[in-house]
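These notes concern the structure reproduced below.
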Amino acid sequence: MSKRFLAALIVIGLLSATNAFAREGLYFGADIGAAIPQKLNSSHRDTDVPTNCDQLLTSWGKILSLKDDKCKRGQDKWTNSFDLGTGILAGVNLGYSLRKLRVEAEYFHRGQSGEISKIDTITVGNKNAEFVNADGRISDLRGNHFFANLYYDFQNLSSTRMIPYVGAGVGFTYVKMDFSERFIRSSDRGYIEEIGRNPNAAGTATLADHELSDTLFGYQLMAGFDYALSEWFYVGVKSRYGDYFGDFKDGNAWDQLRSHESRFEESGDIVRYRFKTNDLRFWGVSLNLKYFFEI
């Protein structure tokens, strides 16, 4: 028996073994792994007026009426940046394989921890001069993802039981995060008046601590490989990149505004803040298990 003939027999045998595990039909899968976020840059604004227009502060001879041109609402804007922590990614999926093509419905959950980050610049006037502390915090960011995926399996690409694949999906995600901000003014009344503010604002705090949420439509790109442990059971590794088509937007009323309730005295309108970001994209790496049902 020649070496070429022996080699041919080995290749045919390996390919036959691979073909024996060519998967078709309905399957169930599960993923467990890590979600790796990108830096989250956010923009903020609110419907407040300048400090000297706050009618709810203790009387001061220079308090302006809300009808004054200097009391235009919503002038303050600020930005922040957060480094979220790597978190868990876990999910399940149900699909159908037509040999090289697979269609799949998938649910997965991801969660990240957050951090406290100092607010460097408030973009209107010298507003920063009022504060001895201005920072924001994001913690416990979590997303529930629902996707429809399409995969292409490179079956028989190699002479092993390994099947590489690529895929793409579209769907929506319900995102929630615990968010807080605090703006603490200098308690030095002389300094506050020196910079042209109502000295009764000295030592006051503007605070928020809420759960924010939004629903976003997005997409994901996947690549990975499965290894056949048997005709019906596969184990593999999947990597993915996820991003969204729009911005996360939500807000609420301040818990307190300059140490009083979040409203205007003259009109009674509630003062609300707004949080926005388009940086919720992430990477994921997970161990994947699949079981194909015998039909």
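The values are calculated or read from the model by the stated rules, or taken from the named source; none is laboratory data. Bear in mind that the values here come from a model prediction, so they are computed numbers and not experimental data. Positions of Cβ are generated from backbone atoms using ideal geometry, with glycine treated the same way; all protein chains shown enter the neighbour counts. All accessible areas refer to the heavy atoms of the entire protein, side chains included, with ligands and DNA or RNA removed. Shrake-Rupley method; radii C 1.70, N 1.55, O 1.52, S 1.80 Å.
Considering the chain as a Gaussian network with a 10 Å cut-off on Cα pairs, which listed residue, Phe245, Phe28, Phe131, attains the greatest mean-square fluctuation? It is Phe245. Among the trypsin sites (Lys or Arg not before Pro) in the stretch 251-281, those placed in a DSSP loop whose Cβ has at most 14 other Cβ atoms within 10 Å are Arg281. Among residues other than Phe108 with Cβ under 13 Å from its Cβ, the summed charge is +1 (Lys and Arg +1, Asp and Glu -1). Considering only C-alpha atoms, what is the centroid distance from the stretch 219-295 to the stretch 22-40, in Å? Value for the Cα centre distance between the two parts: 15 Å. When Tyr174, Tyr234, Tyr244 are compared by accessible area of protein heavy atoms, the largest-first order is Tyr174, Tyr244, Tyr234, using a 1.4 Å probe.
Summed over the residues of the stretch 163-269 and divided among them, the accessible surface reaches 42 Å² per residue at a probe radius of 1.4 Å. Think of the chain as having a plus end and a minus end, set by charges on the Cβ of Lys, Arg, Asp and Glu; of Tyr191, Ala148, Ser65, Ala148 sits farthest toward the positive end of this dipole. Basic side chains Lys and Arg get +1 at the Cβ, acidic Asp and Glu get -1 at the Cβ, and with that the dipole of the chain about its Cα centre reaches some 1100 debye. The alpha carbon radius of gyration of the chain, expressed as a multiple of 2.2 N^0.38 Å, is 1.48.
Between the helical axis of 3-20 and the dominant principal axis of the chain, each derived from Cα atoms, what acute angle in degrees is found, rounded to the nearest 10? In the chain, helix 3-20 runs at an angle near 50 degrees to the longest axis.
Farthest towards the positive end of the charge dipole of the chain, among the residues Phe225, Phe108, Gln38, is the Cα of Phe225, using unit charges on the Cβ of Lys, Arg, Asp and Glu.
Is the stretch 134-198 rounded, prolate or oblate when judged by the Cα gyration tensor, a ≥ b ≥ c being the square roots of its eigenvalues, rounded requiring a/c under 1.5 and prolate requiring a/b larger than b/c?
Prolate shape, in that a/c is at least 1.5 and a/b is the bigger ratio.
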